[in-house]
Amino acid sequence: GAVADRYGRKLMLVLGLALSIPTALLAAYAPNAEVTLKWPNDVMVNGRKIAGVLIEVLDQDTLLIGIGINVNIAEFPNELKDIAVSIEIETGLLFDLDEVEAAVRSRLFELVQTEWHVLRTKWQERSVTNGLQYEIEPAGVRGVAVGVTDDGLLKVQTDNGLIETMAASSVPFRNSNS
């Protein structure tokens, strides 16, 4: 439903912020690590994915949420080394998974009580999405990301200069930069 889809988009941004906080562990152990967010669901460290969120709208009132964080992974297969990273790789340390989960849960509960415009601003401060090329499939519309709407939709300036919006949950697309 439209209500669940709208809140699902907002929740994806909130979860991205929540996931970026446990990676603050990196600040203590890897101070040069740069934690950023890429629409719609990626948490990046130094340009490689460390965490992600998937949200599926099951019905008008139900969202299914999946969260993944690369924590204690010492090495990725060759095909992933340039695009994925873990907290262990960045710090050289192993972390207690229960403590990482508790940190995510705590931060999430804190964030859901925060006003939406504050969350959106925080997300945009960490976002590396603007300027990325996107292609909306199957329509074949291409353009450059220029921001996120108040409802969490991606704003894309198309090759013909128009601003289009898209929801990750409703429009299949491919990020041309990934």
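Place a +1 charge on the Cβ of each Lys and Arg in the stretch 27-112 and a -1 charge on the Cβ of each Asp and Glu, then give the dipole magnitude about the Cα centre in debye, rounded to the nearest 20.
Around 260 debye, computed over the stretch 27-112.
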Tell me which residues come under 5 Å, amide H to amide H, from A84 once H is placed; ignore anything under 5 positions away on its chain. K49
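Of all GluC sites (Glu not before Pro) in the stretch 59-161, which ones are in loop regions per DSSP and have a Cβ with at most 14 other Cβ atoms within 10 Å?
On the way: sites: E75, E79, E88, E90, E99, E101, E110, E115, E125, E135; in loops: E75, E79, E115.
Here the sparse-neighbourhood loop sites are E75, E79, E115.
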Collect residues whose amide H, placed 1.01 Å from N in the peptide plane, falls under 5 Å from the amide H of V148; neighbours closer than 5 in sequence don't count. K155
From the phi of every residue in the stretch 37-52, what ³J(HN,Hα) in whole Hz does the Karplus formula 6.51 cos²θ - 1.76 cosθ + 1.60 yield, where θ is phi - 60° and glycine or proline is x? 10, 10, 4, x, 9, 10, 9, 10, 10, 6, x, 10, 6, 10, 7, x
Compute the distance from the alpha-carbon center of the stretch 104-160 to that of the stretch 36-53, in whole Å. 12
Applying the Karplus parametrisation 6.51 cos²θ - 1.76 cosθ + 1.60 with θ = phi - 60° to the phi angles of the stretch 118-131, what ³J(HN,Hα) value in whole Hz is obtained for each residue in order, glycine and proline being reported as x? 5, 4, 4, 4, 4, 4, 5, 5, 9, 6, 10, 6, 4, x
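What ratio of Cα Rg to 2.2 N^0.38 Å holds for the stretch 31-93? Let's see the in-between values first.
Values: Rg = 13.8 Å, N = 63, 2.2 N^0.38 = 10.6 Å.
After normalising by residue count via 2.2 N^0.38 Å, the value is 1.30.
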Counting only residues 5 or more places away or on other chains, whose amide H sits under 5 Å from the amide H of F95 once H atoms are built in the peptide plane? none
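With the Cα gyration tensor of the stretch 71-137 giving a ≥ b ≥ c as the square roots of its eigenvalues, does the rule (a/c under 1.5 for rounded; else a/b larger than b/c for prolate; else oblate) give rounded, prolate or oblate? Walk me through the intermediate numbers first.
On the way: a/c = 2.82, a/b = 1.14, b/c = 2.47.
Cα axes put the stretch 71-137 in the oblate bin.
FYI, it's all coordinate maths here, none of it is from the lab. Computed from a prediction, not measured in an experiment: that's the story for all the values here. Ideal geometry is used to build each Cβ from the backbone, glycine not excepted, and the neighbour counts take in all protein chains shown.
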